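This report concerns only the one structure given below.
The values are calculated or read from the model by the stated rules, or taken from the named source; none is laboratory data. Quick caveat, the model's predicted, so the values are computed rather than measured. When we count neighbours, we look across all protein chains shown, and the Cβ atoms used for this are built from the backbone with ideal geometry, even at glycine. What goes into the accessible areas is simple: the full protein's heavy atoms, side chains included, and nothing from ligands, DNA or RNA. Shrake-Rupley method; radii C 1.70, N 1.55, O 1.52, S 1.80 Å.
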Amino acid sequence: MQAASEKASPEKILRVAGRLFAERGFSNVSVRDVCREASTTAPMIYYYFGNKRGLFDAVVNRRISMHAFIERLRTSTKGRDGRQAVSSFVETYLTSFPENAFDPGLYISASAKLDSDSAERMSKQLDEVHRIAISILEKGISASEFRKTDPAKAADCLIGMLNRVIFQRIHFSKTRDLENTKSFIIDFFMHAMK
């Protein structure tokens, strides 16, 4: 039994630890908890990750990543006119946002202290999303598709509307008619940009 349990892959350990850390936070998960649920032993965790903190950091690096999402935003909006780019941005944002990146346990390391590395990583990635929105709006303004305005503030408004939908879905399990919500946000925003 021991030999079989030691063969848990790093991938399985990360999956199990990710779920446990997301549910309980760093301080409320022991290496023993992870071992029990991943069917492995502590030496395997230490071998792959060094210690509990190394395991937590590996989970956070894996789960708090918006790289694929950011790339989808770039790809879906590239080469489109203003309205098409805004529509693609809204569609991609609302259907592809990595909701598991906001599991509270991944931001709390010791006690109730916010894990600054996790928060900083997410902040940088959200800034990149903001830059994509700004770029779309700058192109639309320079092509006279949108009125002259501060593209950074307009991007804040657009992302604010999208984040409200995402926030309600993540934290309050509120589901809406996504198609109507997307259409409303696009129409409302485009009307404001005329």
(request) Name every residue in region 120-169 that is open to solvent by 60 Å² or more (accessible area, probe 1.4 Å), closer than 17 Å to Met66 by Cβ and more than 19 Å from the chain's Cα centre (by Cα), in order of residue number. (result) none
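Return the residues of region 20-32 that are modelled with pLDDT of 90 or more and surrounded by 15 or more Cβ atoms within 10 Å (Cβ to Cβ); say none if nothing qualifies. Walk me through it before giving the result.
Of region 20-32, the ones modelled with pLDDT of 90 or more are 20, 29-32.
Matches in region 20-32: Leu20, Val29, Val31.
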(message) Go through region 34-69 and report how many residues are assigned to a helix (DSSP H, G or I) and open to solvent by 10 Å² or more (accessible area, probe 1.4 Å).
(response) 20
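At pLDDT 65 or above, outside any helix (DSSP H, G or I), open to solvent by 80 Å² or more (accessible area, probe 1.4 Å) and under 22 Å from Gly140 (Cβ atoms): which single residue out of Arg74, Arg80 fits that description? Let's see the steps before the verdict.
Numbers: Arg74 fails: outside any helix (DSSP H, G or I).
None of the others qualify; the one that does is Arg80.
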(request) Can you give me the number of residues within region 11-29 that are over 20 Å from Ser118 (Cβ atoms) and in contact (Cβ under 8 Å) with a residue 12 or more places away in the chain? (result) 1
